[in-house]
Amino acid sequence: MRDSFAWLAILLGDGVQPAGSATGWDRFLEPQLGTSIDYPTEIFSVDEGAAPRGTGRQFKSNDGNAVLAVYSQTNEGETPAQYVHKNFNVPRQTIDYKRVTFTFFAISAVHAGEIYYSRCNFSRRSGGTIHCFDLRYPAREKRAWDPIVTRISLSLRPLERG
């Protein structure tokens, strides 16, 4: 059994647990532009360094089958719809899910046996910053990943500054 799938089975044994619990969830904070997010540290145990876009980090599973990038970037005045149009030039038939509102977008596509999921929240209160994560994982593990993706997605928010 692949490492990421084994961790999914462990994490989902009794359902997803609260952040910081024994199942290995923690909160990632990107302090420069201010993004916070819950993520399963037992799955994303390898720190890959800087995220490929914006300011943040990228993590992967031990087996390399799952990758999570969490990042912030300054908004150059784009709406979520404009951002999606500019940055997601993928064939329409690969898009599995797409939701675009005035304050965020979430998009999921299936390609070559992998699911790609991206969500960005557009914040006015944190100086026009875009708070994002991109996630890639095996399509054959979709059912196991669904609650994990949901928790990560719902936890994405601007970092509260005191």
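The values are calculated or read from the model by the stated rules, or taken from the named source; none is laboratory data. Here the structure is a predicted model, which means the values were calculated and not measured. Cβ sites come from the backbone with ideal geometry, for glycine too, and all protein chains shown count toward neighbours.
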*Using the structure shown, decide if Arg136 is of a type outside the set (Ser, Thr, Tyr), closer than 19 Å to Trp25 by Cβ, in contact with a strand residue (DSSP E or B) (Cβ under 9 Å, 6 or more places away or on another chain) and crowded, with 16+ Cβ neighbours inside 10 Å.*
no
_Considering only region 66-81, I want to know if a residue exists there that is at pLDDT 90 or above, part of a helix (DSSP H, G or I) and farther than 16 Å from Thr129 by Cβ._
yes
_I'd like to know if region 104-124 contains one or more residues that are touching a His at 6+ places or on another chain (Cβ under 7 Å) and either among the polar types (S, T, N, Q) or free of Cβ contacts under 8 Å to residues at least 12 places away in the same chain (or both)._
yes
*From Arg99, Arg119, Arg151, Arg136, grab the single residue that is over 28 Å from Ser45 (Cα atoms) and within 16 Å of the chain's Cα centre (by Cα).*
Arg99
_Out of the residues in region 33-43 meeting the condition of being within 16 Å of Ser155 (Cα to Cα) and out of contact with any helix residue (DSSP H, G or I) (no Cβ under 8 Å at 6 or more places or on another chain), tell me which one is surrounded by the most Cβ atoms within 10 Å (Cβ to Cβ)._
Thr35
*Take region 57-99 and flag every residue that is buried (at least 16 other Cβ atoms within 10 Å of the Cβ), without any contact (Cβ under 8 Å) to a residue 60 or more places away in the chain and either closer than 19 Å to Tyr39 by Cα or of a type in the set (A, V, I, L, M, F, W, C) (or both).*
Arg57, Gln58, Phe59, Lys60, Ser61, Asn62, Val84
*Which one of Gly54, Gly34 is over 25 Å from Pro147 (Cβ atoms), at pLDDT below 95 and touching a Pro at 6+ places or on another chain (Cβ under 6 Å)?*
Gly34
